[in-house]
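Some notes on the structure that comes next.
Nothing in this text is a laboratory measurement; each read-out follows from the coordinates by a stated rule. Predicted model only: the values in this text are computed from it and were never measured. All Cβ positions, glycine included, derive from the backbone under ideal geometry; neighbour counts span all protein chains shown.
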Amino acid sequence: MRFEPAQLAGSQLGQQMASKMGQQMATHIGQQLATKAGQQMAAEMGLQHINNMQQNENNERNEEDNEQEESNEIN
């Protein structure tokens with residue numbers, strides 16, 4: 001099968017366009033996945049921070065309760 005120069009040029013151009021579109025799609029999908037992963041990490045870090053703050057508050061309350069109990073026992 002013999003290709004004319006215009007057919008070859010058109011074929012090459014088509015391959016280049018398909019390659020470029022594939023790269024752009026892959027880049028876009030990669031960015032979306034990275035964004036989603038970043039959002040999930042931020043949400044998990046935020047929840048962990050809230051949990052740590054609540055645990056610190058609970059620890060402080062327990063210490064205060066223990067001090068109050070010790071004070072009551074002494075009196």
- request: Match the structure shown to one of the listed values [x] -0.67, -0.89, -0.91, -1.06; [y] -0.51, -0.89, -0.92, -1.18; [z] -0.29, -0.74, -0.82, -1.30 of log10 I(q)/I(0) by the Debye sum over Cα atoms at q = 0.12, 0.19, 0.20, 0.26 Å⁻¹, computed from it, and give that label.
  value: [x]
statement: With the dipole of the chain defined by +1 on each Lys or Arg Cβ and -1 on each Asp or Glu Cβ, the option from Gln16, Asn72, Gly30 whose Cα lies farthest towards the positive pole is Gln16
message: Compute the helix-to-body angle for 5-74: its Cα long axis versus the longest principal axis of the chain, expressed 0 to 90° and rounded to tens.
response: 0 degrees
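By how many nm would the segment from Ile74 to Gln24 grow when fully extended, if each residue of separation counts as 0.36 nm and the alpha-carbon distance is taken off?
Working it through step by step, the gained length comes to 10.6 nm.
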